[in-house]
Amino acid sequence: MYDVIVVGAGPCGCTAARTLAEKGLSVLLAERCRLPRYKSCSGVLIRKSMELVRRFFGEDVPAAAACAPADNRGMVFTDDKGRSFLFEQEGLNVWRSSFDHWLAEKAKEQGAQLLDGTAAVSCGEKGEYVSVTLRGEGVFAENAKYVLDCEGCIGALKRRLTGGERDYITTYQTFNDGAIDLDPHYFYAYLQPELSEYDAWFNVKDDRLVLGVAVKDTNKIRDYYERFLAYMRANHGLRIDAQLREERWLMPRVRPGCPVDYGRGRVLFAGEAAGFLNPMGEGISAGMESGFLAACAIAGHLDDPAAALAEYREATRLLKSYMERQWSLVAGMAAAFREME
Ligand SMILES: Cc1cc2nc3c(=O)[nH]c(=O)nc-3n(C[C@H](O)[C@H](O)[C@H](O)COP(=O)(O)OP(=O)(O)OC[C@H]3O[C@@H](n4cnc5c(N)ncnc54)[C@H](O)[C@@H]3O)c2cc1C
């Protein structure tokens, strides 16, 4: 019997597992993939994410997790009228595989038991505890007073528990050899409706040019991507010598009012699984913060799930209103985001 089973070793789950272990609770951190696992991501840690790492993990992100150029200097947004806005801020450019692996090791170092290659497939409350069925090398069950579900966007466990609506945006990005006349220290987001159904973006990772588009309708990926490439050729001298990789991923589609699902009974949700995500897909800081706050609420009410849920909801009010304000800011730049106001 654990105090808490944390599902998913992303930034949210690792922060939660480390926090719970630090408070003296017995924690199992179950991760579906073998670590280090790949996660499609631009890998920009904004200043807030770097501060949260320092606060929750007691040190800075190691240099080994960074990719070139390591320092991100901010974002350049181009609005739906083609006007550019520069938001300067120090940040870090990381590979998620290395960053998340480091976070998981830090949770383990604190005392959390880490089981990678092990997926939580279902769970059910049995009076004073929750029984979780896990599938790794075999299928087995573990019990805990709480489950903290930090599965990210595609939560199989959450879907089973809630009946699960599927409301996603598909991201498509490619890694390329080539050249462009943009400063590689910035992340560029393009909000023109002719380039994507959400946003299109450019950034650099280990000298690879990363170009991506986000769509609601996957049949439109190719069309938008080609238009985005043409735009970048015409406006920024993009030249692609070789496409090295392409990948598709999912991101939750955030709805007006930024609804959050906090959990049911002894199963709490945090990070993307709960709906914590900032505009343009910045979700690492919201993942870490919500994971920390959920962990504190559980630790404070180990035998009272209703009180834990109420405290968690209250503690994340500021984070939620920050998300709402951020969405309003982006809504001011592009019609596609106006429904968020
Ligand atoms: C293309 C793209 C670019 C992005 N760029 C950025 C960026 O630059 N900066 C930023 O801050 N955010 C970015 N994001 C968003 C960011 O990746 C997520 O918001 C963030 O990873 C959410 O953290 P999390 O811990 O909630 O979930 P995740 O990081 O998704 O972690 C969830 C973990 O749970 C595991 N898991 C899932 N199901 C189970 C299960 N049933 N049992 C056990 N384990 C399970 C998964 O394997 C995964 O390791 C981007 C997203 C996309 C798609």
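With the crude spin-label approximation of a point 7 Å out along Cα→Cβ, what separation in nm comes out for Glu105 versus Asn219?
The answer from the label model is 4.7 nm.
Calculate for the chain the 222 nm mean residue ellipticity that helices alone would give, adding -39,500 (n - 2.57) per DSSP H run of length 4 or more and normalising by residue count, nearest 500 deg cm²/dmol. Mind dumping the intermediate values first?
Details: 8 runs with 103 residues, N = 341.
The helix-only estimate for the chain comes to -9500 deg cm²/dmol at 222 nm.
If you take the charge dipole of the stretch 168-252 about its Cα centre, with +1 on Lys and Arg Cβ and -1 on Asp and Glu Cβ, which of Phe187, Tyr168, Gln243 is farthest toward its positive end?
Tyr168
What is the chain by shape, rounded, prolate or oblate, if you read a ≥ b ≥ c off the alpha carbon gyration tensor as root eigenvalues and call it rounded for a/c under 1.5, prolate for a/b larger than b/c, and oblate otherwise? Before the final figure, lay out each step's value.
Values: a/c = 1.91, a/b = 1.71, b/c = 1.12.
Since a/c reaches 1.5 and a/b is larger than b/c, the shape of the chain is classed as prolate.
Between the stretch 275-340 and the stretch 4-41, how far is it from one alpha carbon centroid to the other, in angstrom?
Between the Cα centres of the stretch 275-340 and the stretch 4-41 lies a distance of 18 Å.
Quick query: amide H of Gly263 versus all other amide H atoms, modeled in the peptide plane; which residues come in under 5 Å with a sequence gap of 5 or more or a different chain?
Here Phe269 satisfy the definition.
Defining a contact as two alpha carbons under 8 Å apart and six or more residues distant in sequence, what relative contact order in percent does the chain show?
Once normalised by length, the contact order is 21 percent.
Might you report the magnitude of the Cβ-based charge dipole of the chain about its Cα centre, with Lys and Arg at +1 and Asp and Glu at -1, to the nearest 20 debye?
On the way: 42 positive and 48 negative charges, 94 e Å.
About 460 debye.
Non-local amide H neighbours of Asp116 (under 5 Å, H modeled in plane, Pro and chain starts lacking H): which ones?
HN-HN under 5 Å from Asp116: Glu31.
If you stretched the chain out fully between Ala63 and Phe87, how much longer would it get, using 0.36 nm times the residue separation minus the C-alpha to C-alpha distance? Numbers along the way, then the final one.
Details: separation 24, 0.36 × 24 = 8.64 nm, distance 2.42 nm.
The Ala63-Phe87 span can extend by a further 6.2 nm.
Placing unit charges on C-beta atoms (Lys and Arg positive, Asp and Glu negative, everything else neutral), compute the dipole magnitude of the stretch 168-252 about its Cα centre in debye, rounded to 20. Write out the running numbers ahead of the final one.
On the way: 10 positive and 14 negative charges, 34 e Å.
Charge dipole of the stretch 168-252: 160 debye, to the nearest 20.
Quick one: Karplus J couplings for the stretch 4-10, per residue in order, coefficients 6.51, -1.76, 1.60, θ = phi - 60°, nearest Hz, x for Gly and Pro?
9, 9, 9, 9, x, 9, x
Projected area of the stretch 198-341, taken from the Cα convex hull and averaged over every viewing direction, in nm²? Please report the intermediate quantities before stating the final value.
Working: hull surface 42.7 nm².
Approximately 10.7 nm², given one-decimal rounding.
Give the calculated FRET efficiency between Ala306 and Leu35 to the nearest 0.05, with a Förster radius of 35 Å applied to their Cβ-Cβ distance.
Numbers: r = 34 Å, r/R0 = 0.98.
Computed FRET efficiency for Ala306 and Leu35 comes out at 0.55.
Of the listed peptides 12-23, 301-312, what is their order by residue-averaged count of other C-beta atoms within 10 Å, with the highest listed first? Write out the running numbers ahead of the final one.
Details: 12-23: 28.6, 301-312: 16.7.
Ranked by mean Cβ neighbours within 10 Å, highest first: 12-23, 301-312.
For Lys320, give me every one of the lysines with a C-alpha distance below 19 angstrom, ignoring sequence neighbours fewer than eight places off in its own chain.
Counting by Cα, and skipping residues close in sequence, Lys320 has these lysines nearby: Lys48.
Treat each spin label as a single point 7 Å out from the Cα along the C-beta direction, and report the Arg160 to Arg313 distance in nm.
Computed distance between label sites Arg160 and Arg313 equals 2.6 nm.
Could you give the length gained by full extension between Gln113 and Arg47, i.e. 0.36 nm per residue of separation minus their alpha carbon distance, to one decimal place? Walk me through the numbers on the way to the answer.
On the way: separation 66, 0.36 × 66 = 23.76 nm, distance 2.95 nm.
Gain on stretching Gln113 to Arg47: 20.8 nm.
Between Thr133 and Gln243, what is the spin-label point distance in nm, taking each point 7 Å from the Cα along the Cα→C-beta axis?
For Thr133 paired with Gln243, the spin-label model returns 4.0 nm.
Would you mind estimating how fast the stretch 168-252 diffuses translationally, via Stokes-Einstein at 25 °C and 0.890 mPa s with the Kirkwood radius over Cα pairs, in µm²/s? Don't jump to the answer; show the numbers that get you there.
On the way: Rh = 12.8 Å.
D = 192 µm²/s.
Identify which of Ala295, Ala70, Ala104 has the largest mean-square fluctuation in a Gaussian network model of the chain, with springs joining Cα atoms closer than 10 Å.
Ala70
Going by a 4.7 Å Cβ-Cβ cut-off, which cysteines of the chain have no partner at all?
Cys14, Cys33, Cys41, Cys67, Cys123, Cys153, Cys258, Cys296
Can you list residues whose amide H is under 5 Å from Val6's amide H, if they're 5+ apart or on another chain and H is modeled 1.01 Å from N?
Leu28, Leu29, Ala30, Leu148
Report the gain in length on full extension from Ser122 to Asn235: 0.36 nm times residue separation, minus Cα-Cα distance, nm rounded to one decimal.
Numbers: separation 113, 0.36 × 113 = 40.68 nm, distance 4.98 nm.
Extra length from Ser122 to Asn235 when fully extended: 35.7 nm.
From the phi of every residue in the stretch 247-257, what ³J(HN,Hα) in whole Hz does the Karplus formula 6.51 cos²θ - 1.76 cosθ + 1.60 yield, where θ is phi - 60° and glycine or proline is x?
Couplings: 8, 10, 8, 10, 9, x, 8, 7, 9, x, x Hz.
Just so you know, all these numbers are worked out from the coordinates, no wet-lab data involved. Computed from a prediction, not measured in an experiment: that's the story for all the values here. Glycine also receives a Cβ, built like all others from the backbone with ideal geometry; neighbour counts cover every protein chain displayed.
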